[in-house]
1. Suppose we keep only residues that are of a type outside the set (D, E, K, R) and not in a strand (DSSP E or B) within the stretch 27-52. Which one would you say is nearest to residue 89 (Cα to Cα)?
2. Assuming residue 49 fulfils every condition listed in (1) loosely packed, with under 14 Cβ neighbours inside 10 Å; (2) modelled with pLDDT of 90 or more apart from one, which condition is it?
3. Restricting to the stretch 88-102, name every residue that is closer than 17 Å to residue 66 by Cα and loosely packed, with under 10 Cβ neighbours inside 10 Å.
4. Looking at the stretch 56-72 only, could you name the residues that are of a type outside the set (A, V, I, L, M, F, W, C) and loosely packed, with under 15 Cβ neighbours inside 10 Å?
5. How many residues, within the stretch 1-26, are surrounded by 12 or more Cβ atoms within 10 Å (Cβ to Cβ) and at pLDDT 85 or above?
6. Give me a count of the residues in the stretch 53-80 that are assigned to a loop (DSSP other than H, G, I, E, B) and in contact with a Phe, Trp or Tyr (Cβ under 6 Å, 6 or more places away or on another chain).
Amino acid sequence: MGLARSLFTWWDEPTLAVRLLTRLRGECVGSDDWGNRYFVERKGTRRWVLYKGQVEASKIPPEWNAWLQRTTDLLPVSTEVRHSWQRKHVANATGTPEAYRPPGTLTENSSAEPAPAKYKPWQPE
């Protein structure tokens, strides 16, 4: 199962082909706080990321996303100065237990009161 998994599944780890091509053609240029590693083709034409853990695009910080999309050619530095109004990057939590659920949503463990109706329903006489 291990060989078949490494050949065909891509959502938990890079496939065998991706790892081989990365080793042959890629040059590691850095990593982020999440443990993702970023590569550039030795010719300098392609850029890609190898995710640590589950493949989730929202785990890429904005600085590295700008580099991947060729918005900038400067490599992000991990000691980049952050302003007081900037928050640390977090992955999208939609669909997970950590997702934001505002008061009044229909969840099992919601103890909030439902929002009051903003209209008066019509009642036949």
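1. Residues of the stretch 27-52 that are of a type outside the set (D, E, K, R), as a first pass: 28-31, 34-36, 38-40, 44-45, 48-51.
Add one more test, that the residue is not in a strand (DSSP E or B), and what stays is 34-36, 44-45, 51.
Details: 34: 10, 35: 13, 36: 13, 44: 27, 45: 28, 51: 15 Å.
Out of the qualifying residues, it is 34.
2. Condition not satisfied by residue 49: (1).
3. Of all residues in the stretch 88-102, those closer than 17 Å to residue 66 by Cα come to 88-91.
The one that is closer than 17 Å to residue 66 by Cα and loosely packed, with under 10 Cβ neighbours inside 10 Å: 88.
4. First, the residues of the stretch 56-72 that are of a type outside the set (A, V, I, L, M, F, W, C): 56, 58-59, 61-63, 65, 69-72.
Result: 56, 58, 62, 69, 70, 71, 72.
5. The number of residues fulfilling the criteria is 4.
6. The first filter runs over the stretch 53-80 and keeps only residues assigned to a loop (DSSP other than H, G, I, E, B), leaving 53-56, 60-61, 69-80.
Within this subset, residues satisfying the condition of being in contact with a Phe, Trp or Tyr (Cβ under 6 Å, 6 or more places away or on another chain) are 55, 76.
Adding up the residues that qualify gives 2.
The values are calculated or read from the model by the stated rules, or taken from the named source; none is laboratory data. A quick note: this is a predicted structure, and the numbers were derived from the prediction, not measured. Here Cβ is always computed from backbone atoms with ideal geometry, including for glycine, and neighbour counts include all displayed protein chains.
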